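Written below as C-alpha cells is the structure these notes are about.
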Amino acid sequence: MKLTIFNGSPRGSKGNSEILINWFKEGFLKERSGDVIIYYLKNQEKHPDMIETLKRSETVLLAFPLYTDAMPGIVKKFIDNLEDYQGSLSGKSLLFLVHSGFPEACHSRGVERYLKKLTAKLGADYLGTIVKGGSEGLRIMPPMMTRKPRLLINQIGERFAGTKSLDPGLLKKLASPERLSPFSRGMYRFMSLIGLSNFYWNGMLKKNGAYKNRFDAPYV
C-alpha cells in the first residue's frame with residue numbers, strides 16, 4: 001500500500017503534526033514496507049501539484065492541528081481548491097489526523113464530522129479520523145513523557161497497514177479524555193489562579209514580543 005501524507009501544520013516539519021505523523025509512519029512501516037511520501041501544505045505555491053498528487057494517490061492521510069477549534073488557513077485553502085473535484089475521487093481512500101492543545105477530544109469532533117462530509121462530497125472512501133488532544137507541548141517534551149501516545153499511534157499505524165482500517169479501541173485510548181472530569185477541571189482552575197496554566201503561553205508571548213498586548217481586545 002502506498003501512503004501519501006499531507007502535513008497541514010504552518011510549522012511544517014518543525015511542528016507537533018510532524019511528530020505525530022512520524023509515529024504513525026513508524027508503525028505503518030513495521031507492518032508493511034512501501035512508499036510513504038510526505039508533502040507540506042505550508043508550501044502554498046505547490047498546492048496545484050499536491051492536488052494532482054492526491055488525484056493519483058490510492059490512500060491519503062491529511063494531518064493538521066487545530067487553532068482554537070479551527071483548522072489552519074493553509075488547510076482550508078487546500079480543501080477549497082478541491083471544489084472542482086467533487087464526486088471525482090472514487091476509489092481513493094482518505095483518513096485524517098487532527099490534534100490540538102486542548103486536552104479534551106471533544107474540541108476536535110466538529111472538525112471530524114466536517115471531514116467525513118468532505119470525503120463523501122469528493123466521492124472518496126472515508127477511513128476515519130485519529131484525534132489527539134493535549135498535543136501542543138509534544139515537540140519540547142522528553143521521550144519518557146511521550147512514550148504512551150507514541151506507542152498508541154505506532155499501534156494505530158501498524159494496524160492500519162495490516163487492515164486498511166483504524167482500530168476503534170486504540171482511537172478511543174489515544175483520544176482520552178473526551179471531556180475532563182470535575183476533579184481535573186478543578187485542578188485547571190487552581191493552576192490558573194496561581195499562574196501555572198499560563199506559564200507556557202506567557203513564555204511564547206514574551207518570545208514573540210507580544211506579552212504586553214495579551215489583554216488587547218481590538219474588536220470590542
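Quick note: the coordinates plus some simple rules give every number you see, no bench work behind them. The structure displayed is predicted, hence computed values, not measured ones. With ideal geometry, Cβ positions are generated from the backbone for all residues, glycine too; neighbour counts draw on all protein chains shown.
Key figures
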| read-out | value |
| --- | --- |
| Leu66 long-range amide H proximity, modeled H, under 5 Å | His99, Ser100, Gly101 |
| Stokes-Einstein diffusion coefficient of the chain, Kirkwood radius over Cα pairs, 4 °C, 1.567 mPa s, in µm²/s | 70 µm²/s |
| Chain lengthening between Tyr126 and Lys173 when straightened (0.36 nm per residue, less Cα-Cα) | 14.8 nm |
| Partner aspartates and glutamates for Lys206 [C-alpha distance under 19 Å; skip if fewer than 8 residues away on the same chain] | Glu136, Asp216 |
| Label-to-label distance, nm, for residues given as Arg147 and Arg189 (7 Å Cα→Cβ offset) | 3.4 nm |
| Förster radius 22 Å - calculated FRET efficiency between Asn213 and Tyr67, Cβ distance, rounded to 0.05 | 0.80 |
| Arg109-Ile37 pseudo-label distance in nm [points 7 Å out on the Cα-to-Cβ vector] | 3.7 nm |
| As computed over the stretch 180-220, the Cα convex hull volume per residue (Å³) | 105 Å³ |
| Relative contact order (percent, whole number), the chain, Cα cutoff 8 Å, 6+ residue spacing | 22 percent |
| Cβ-Cβ FRET estimate between Trp201 and Lys77, R0 fixed at 22 Å, reported to 0.05 | 0.25 |
| Reach of Lys77 by Cα under 16 Å, taken over aspartates and glutamates that are not fewer than 8 positions away in the same chain | Glu45, Asp49, Glu52 |
| Entries in Lys117/Lys148; Lys14/Lys173; Lys132/Lys164; Lys76/Lys148; Lys116/Lys172 that, when Cα-Cα distance is taken, lie over 28 Å | Lys117/Lys148; Lys76/Lys148 |
| Residues Arg139 and Arg56, FRET efficiency given R0 of 35 Å [Cβ-Cβ distance, rounded to 0.05] | 0.65 |
| Test item: Cα-centred dipole of the stretch 3-178, Lys/Arg +1 and Asp/Glu -1 on Cβ, debye | 340 debye |
